[in-house]
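> Take this structure, written in structure tokens, and hold onto it; I'll ask about it next.
Laboratory data are not the source of any read-out in this text; all were calculated from the coordinates shown. Bear in mind the structure is a predicted one, so any value in this text is a computation, not a measurement. Heads up, the Cβs are rebuilt from the backbone with ideal geometry, glycines too, and the neighbour counts pull from every protein chain shown.
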Amino acid sequence: MKANSSARVRFAPSPTGFLHVGGARTALFNWLLARHCGGTFILRIEDTDRERSSKEMTAAILDGLEWLGLDSDEGPYHQAEGTDRHRADALALLERGSAYRCFCSPAELDARRAAAGEGYRYDRGCAAIASVESDRRAADGEPHTLRFRVPAGVTAWDDVVHGPIEFANADIEDFIVLRTDGSPIYNMAVVSDDAHMRITHVVRGADHISNTPKQILLYGALGLALPVFAHVPLILGLDGKRLSKRHGATAVSEYRNEGILPDAMVNFLALLGWYPGEEREILSRAEMIERFTLEGINRKAAVFDPVKLSWMNGQYLNGLSAESLLEAVTPILIERGWIDAVEIQGRRDTLLRMVDLLKTRARTIAEIADQAEPYVRARPAYDPAAIARHWKDPAETKRRLAAMRSLFAGASTWDASELEPAVRGLAAQEGVGAGRIIHPLRVAVTGLSDSPGIFDVLGLLGRDRTIERIDSAIERLDEMERGAHAG
Ligand code: GLU
């Protein structure tokens with residue numbers, strides 16, 4: 001498809017909500033197509049619904065796209081700014097006889113709709129009004145809408161994703177293109193804009209399939225060339241129902257806040273409906289751009305599996321440099337009040353080693369932050385479950401910790417090559433496995449029952465902090481003993 005460098009595609013979100021997973025995936029497919037064939041990716045904010053649209057949501061959508069790295073070549077255009085052109089196109093339809101004025105009042109239409117019940121379609125009462133009379137009534141100021149005169153026949157297109165799709169025109173009512181107040185209806189605005197922007201490929205959610213025949217009719221009536229249509233499949237939750245709040249986060253920003261990396265999110269979204277031609281799932285942006293074609297999009301609904309997203313994020317996390325990881329995790333650590341920016345600067349080398357150690361055990365930046373707690377806070381927070389599990393006998397634990405404390409205080413270097421034999425020697429002396437010494441020690445210095453290898457942990461903490469923490473642990477064990485006696 002390299003030759004198709006004139007491809008012009010658009011992402012056209014309505015700013016009535018955040019950038020959701022489905023919208024982000026549509027944006028991504030358009031972006032990938034444009035980048036694949038050297039075409040143009042256009043951003044158009046469909047803000048004609050003044051009441052439901054907001055500046056905040058527009059900003060949030062742009063922010064989400066920026067975070068994902070989906071840069072546009074044109075725009076953002078605002079659909080509401082094109083109202084005059086939309087109206088002119090609708091009036092051109094009237095001129096060509098493809099539209100007519102409808103003078104039926106909303107109350108009349110409501111009554112007819114109520115009487116007809118299910119399956120109501122406009123009865124075309126005004127379609128027969130002679131144009132002289134129609135012009136006169138309009139000139140007299142009689143309120144009216146403009147309706148499209150749906151011709152007989154069928155409307156069909158060859159959807160790149162779904163194959164041939166056909167609608168009987170008899171099932172399409174003479175839909176309104178211009179409201180009584182002169183504002184264009186959605187489908188009118190979309191066709192007018194897509195034509196004006198010379199869009200060659202309309203790539204959008206399958207939920208728009210029902211709009212497409214109306215839009216195709218408008219193109220035809222205005223004598224405009226049709227774009228290629230590709231309707232990307234719906235996204236379902238693991239339960240097979242359409243993805244919604246019930247399944248957890250749906251706004252892209254929520255994933256950002258959870259510590260998902262933009263590259264992982266993009267890779268994950270790309271595979272929601274697109275098959276890259278091989279089973280390998282981790283693909284760089286360059287590889288995705290290289291391989292992307294609309295033909296590679298599956299018509300089957302895609303399933304959003306959050307566990308797969310975490311796994312993928314873990315893969316990307318592992319590939320990041322310690323510097324980038326620290327940069328990503330820093331704001332979270334500061335926000336949680338565990339450390340301040342000055343201290344982070346002062347302990348940078350240790351913290352870089354820390355994130356490198358923690359990343360293999362984490363799937364998100366937030367998980368790295370969770371695990372970082374014992375190393376960045378002045379004092380660890382003891383996990384009661386860890387205490388219950390590994391400090392079962394306070395007196396014995398205290399004695400062993402005290403023995404370790406003196407070994408550590410006397411060590412000539414603070415290095416695993418010296419610390420490890422010392423700890424193992426103590427275990428041998430006590431006649432227990434090394435785990436029986438290491439687990440209680442881990443709780444003492446991290447407060448947790450899980451951590452990277454204990455000697456890496458000791459290395460990160462340094463001698464002074466380790467000893468300080470053993471002292472606090474011993475105090476804590478004292479309290480436990482006193483509590484036990486008092487109880
Ligand atoms: N504004 C529409 C939406 O947000 C998209 C219209 C289109 O892509 O044609 O669903």
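> Might you report the magnitude of the Cβ-based charge dipole of the stretch 90-188 about its Cα centre, with Lys and Arg at +1 and Asp and Glu at -1, to the nearest 20 debye? Please report the intermediate quantities before stating the final value.
Numbers: 11 positive and 16 negative charges, 51 e Å.
Charge dipole of the stretch 90-188: 240 debye, to the nearest 20.
> Related question: I need the phi-derived Karplus couplings for the stretch 252-259: 6.51 cos²θ - 1.76 cosθ + 1.60, θ = phi - 60°, integer Hz, Gly and Pro marked x.
In residue order, the calculated couplings are 4, 4, 5, 5, 4, 5, 7, x Hz.
> I would also like to ask the following. Got a sec? How would Trp391, Trp31 order by Cβ neighbour count within 10 Å, fewest to most?
Working: Trp391 21, Trp31 27.
The fewest-first ordering by Cβ neighbours comes to Trp391, Trp31.
> Next question, about the same structure. To make sure I understand, if each residue's beta carbon is the centre and we count other beta carbons within 10 Å, what order do Asp478, Asp158, Asp383, Asp193 fall in, fewest to most? Working shown, then result.
Working: Asp478 13, Asp158 10, Asp383 17, Asp193 23.
Lowest to highest Cβ neighbour count: Asp158, Asp478, Asp383, Asp193.
> Take every DSSP beta bridge whose two residues both sit in the chain, then give the antiparallel share in percent to the nearest 5. Could the numbers behind the result be given before it?
Details: 16 of 31 bridges.
Antiparallel bridges make up about 50 percent of those DSSP assigns within the chain.
> Going toward the positive end of the dipole of the chain, with +1 on Lys and Arg Cβ and -1 on Asp and Glu Cβ, which of Ala388, Ser310, Ala139 do you reach last?
Ala388
> Gain in length, Ala428 to Ala111, computed as 0.36 nm per residue apart minus the alpha-carbon separation, to one decimal in nm? Working shown, then result.
Values: separation 317, 0.36 × 317 = 114.12 nm, distance 9.15 nm.
Using 0.36 nm per residue and subtracting the Cα-Cα distance, I get 105.0 nm.
> Would you give the gap between the C-alpha center of the stretch 455-487 and the C-alpha center of the stretch 13-34, rounded to a whole Å?
Their Cα centres are 52 Å away from one another.
> Another one. Looking at the chain, which Cys residues are left with no other cysteine's beta carbon under 4.7 Å from theirs?
For the chain, the answer is Cys37, Cys104, because their Cβ atoms have no other cysteine Cβ under 4.7 Å.
> Another one. With +1 on each Lys and Arg Cβ and -1 on each Asp and Glu Cβ, how big is the dipole of the stretch 184-285 about its Cα centre, in debye rounded to the nearest 20? Working shown, then result.
Details: 10 positive and 10 negative charges, 58 e Å.
Dipole about the Cα centre, nearest 20: 280 debye.
> Follow-up question, since we're still on this one. What is the order of Asp194, Asp356, fewest Cβ neighbours within 10 Å to most? Don't jump to the answer; show the numbers that get you there.
Numbers: Asp194 23, Asp356 16.
The fewest-first ordering by Cβ neighbours comes to Asp356, Asp194.
> Roughly how many nanometres apart are two label points built 7 Å out from the Cα toward the Cβ at Glu327 and Ala301?
4.0 nm
> Next question, about the same structure. Which residue, chosen from Val266, Gly319, Val355, occupies the Cα position most advanced towards the positive end of the dipole of the stretch 240-357, where the dipole is computed from +1 (Lys, Arg) and -1 (Asp, Glu) charges on Cβ about the Cα centre?
Looking along the dipole axis, the top candidate is Val266.
> Give me the one-decimal nm value for the distance between modelled label points at Asp140 and Leu238, 7 Å along each residue's Cα-to-Cβ direction.
6.6 nm
> Taking the dipole about the Cα centre of the chain, with the C-beta of Lys and Arg at +1 and of Asp and Glu at -1, give me whichever of Gly205, Ala156, Leu460 is farthest to the positive side.
Projecting each Cα onto the dipole axis, the largest value belongs to Leu460.
> If I stretch the segment between His78 and Lys308 completely, what's the gain in nm (0.36 nm per residue apart, minus their alpha carbon distance), one decimal? If you can, show how the numbers build up before the last one.
Details: separation 230, 0.36 × 230 = 82.80 nm, distance 3.58 nm.
Length gained between His78 and Lys308: 79.2 nm.
> With +1 on the Cβ of every Lys and Arg and -1 on the Cβ of every Asp and Glu, and nothing else charged, how large is the dipole of the stretch 52-92 about its Cα centre, in debye rounded to the nearest 20? Write out the running numbers ahead of the final one.
Working: 4 positive and 9 negative charges, 65 e Å.
Once rounded to the nearest 20, the dipole reads 320 debye.
> On to the next question. If contacts are Cα pairs under 8 angstrom and at least 6 residues apart, what is the relative contact order of the stretch 277-371 in percent?
Working: 53 pairs, mean separation 32.4, N = 95.
RCO, the stretch 277-371: 34 percent.
> Report the full-extension gain for the segment Arg377 to Asp456: residue separation times 0.36 nm, less the Cα-Cα distance, to one decimal in nm. Intermediate values should be presented prior to the final figure.
Numbers: separation 79, 0.36 × 79 = 28.44 nm, distance 1.73 nm.
The span from Arg377 to Asp456 would gain 26.7 nm if fully extended.
> What is the distance in Å between the Cα centroid of the stretch 187-235 and that of the stretch 266-291?
The stretch 187-235 and the stretch 266-291 have Cα centres spaced 26 Å from each other.
> Can I ask one more? Post the alpha-carbon centroid distance, the stretch 148-170 to the stretch 371-443, in whole angstrom.
73 Å
> Consider a paramagnetic label point 7 Å from the Cα of Ser6 along Cα→Cβ; state which residues of the stretch 205-227 have an amide N under 19 Å from it.
Label zone hits: 223-227.
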